[in-house]
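Enquirer: Below is the structure I would like to discuss, written out as C-alpha cells.
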Amino acid sequence: MSDVSAVMTKPITQQLLRDEPLLRMSYTGLDGGPRVIPLGYIWDGNSFQLWTIPISAKVRALRADPRVAITIDILGPPPRALLTRGRAELALVDGVPDGYLDASHRTMPREAWSGFDEQVRGLYEQMIAITITPQWAKLLDFETTAPSAVEQLMRERGR
C-alpha cells in the first residue's frame with residue numbers, strides 16, 4: 001500500500017471524508033498569488049470530485065496551473081487535519097451532475113434540497129467537473145501524528 005493510500009484509508013481520514021462536507025482547496029491565481037476557497041465535494045474512494053461553473057476564475061487558474069492542495073479539518077479536541085496535494089483534471093459536462101447536487105446536499109438541511117436543485121438546474125447549462133487524485137497525503141490527528149516540526153522537536157527532546 002502506498003503512503004497516500006495508507007493515509008487515505010485510516011479510520012480518522014475516513015471519518016473526516018464522511019463527516020466534513022467542505023474542503024478548502026488552495027491553488028495559484030492567474031496573478032501568481034495564492035487562493036484558498038471552501039468547496040463541497042464527494043470522495044469516491046480514489047479522488048475528490050468537485051464541480052463549478054465554466055466561467056469561474058478558478059477554472060482559468062487551474063488550466064494554467066493544475067497543482068492544488070486540499071485541507072479537510074475539525075477543531076477538536078483533538079484537532080484533526082487531512083492534508084493532500086494533487087493536480088486538478090477538468091472536464092466540461094452538460095447540465096448539472098448528480099455529484100454536484102449530492103455534494104451540495106451535504107451542506108444543507110434535506111428540506112432545502114428540492115428548491116436548491118430546481119434553482120441550479122435552471123441556472124447552469126454546463127459545469128466543469130474537477131477531479132483531484134491525491135499524490136501526497138498526511139493526516140494530523142495529534143495523537144499518532146503531528147506536524148513534522150513538532151515531531152522533530154519531540155524526538156530532539158526525547159519524548
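Enquirer: So which pairs qualify, if the first residue must be in the stretch 35-49 and free of Cβ contacts under 8 Å to residues at least 40 places away in the same chain and closer than 14 Å to residue 134 by Cβ, the second must be hydrophobic (A, V, I, L, M, F, W, C) and outside any strand (DSSP E or B), the Cβ gap must be under 7 Å, and the two must be at least 6 apart or on different chains?
Expert: 43/17
Enquirer: Ok, one more. Of the residues that sit in the stretch 124-159 and are among the acidic types (Asp, Glu) and in contact (Cβ under 8 Å) with a residue 12 or more places away in the chain, which one is farthest from residue 49 (Cα to Cα)? Please lay out each step first, then the result.
Expert: So in the stretch 124-159, the residues among the acidic types (Asp, Glu) come out as 125, 141, 143, 151, 156.
From what is left, the residues that are in contact (Cβ under 8 Å) with a residue 12 or more places away in the chain are 125, 141, 143.
Working: 125: 19, 141: 24, 143: 29 Å.
That would be 143.
Enquirer: Identify the residue in the stretch 69-114 that is in a helix (DSSP H, G or I) and loosely packed, with under 12 Cβ neighbours inside 10 Å and, among all such residues, is nearest to the chain's Cα centre (by Cα). Give the derivation first.
Expert: Here is the first cut: in the stretch 69-114, the ones in a helix (DSSP H, G or I) are 98-105, 110-114.
Then drop every residue that is not loosely packed, with under 12 Cβ neighbours inside 10 Å, which leaves 98, 110-111, 114.
Numbers: 98: 18, 110: 22, 111: 25, 114: 25 Å.
Top of the filtered list is 98.
Enquirer: Please enumerate the residues belonging to the stretch 50-72 that are in contact (Cβ under 8 Å) with a residue 12 or more places away in the chain and among the hydrophobic types (A, V, I, L, M, F, W, C).
Expert: Listed by number, the residues that qualify are 50, 51, 53, 57, 59, 61, 62, 64, 68, 69, 70, 72.
Enquirer: Just to check your reading of the model, which residue among 66, 34, 54, 21 is within 10 Å of the chain's Cα centre (by Cα) and either more than 15 Å from residue 100 (Cβ to Cβ) or not hydrophobic (A, V, I, L, M, F, W, C) (or both)? Working first, answer last.
Expert: Details: 66 fails: within 10 Å of the chain's Cα centre (by Cα); 34 fails: within 10 Å of the chain's Cα centre (by Cα); 54 fails: within 10 Å of the chain's Cα centre (by Cα).
Result of the check over 66, 34, 54, 21: 21.
Enquirer: Give me the pairs: first residue in the stretch 9-23 and within 17 Å of residue 104 (Cβ to Cβ), second residue surrounded by 14 or more Cβ atoms within 10 Å (Cβ to Cβ) and basic (Lys, Arg), beta-carbon distance under 7 Å, and six or more apart or on different chains, which are they?
Expert: 21/106
Read-outs: derived from the displayed coordinates by stated rules, not from any lab. Quick caveat, the model's predicted, so the values are computed rather than measured. Neighbour counts run over all protein chains shown; Cβ positions are idealised from the backbone, glycine included.
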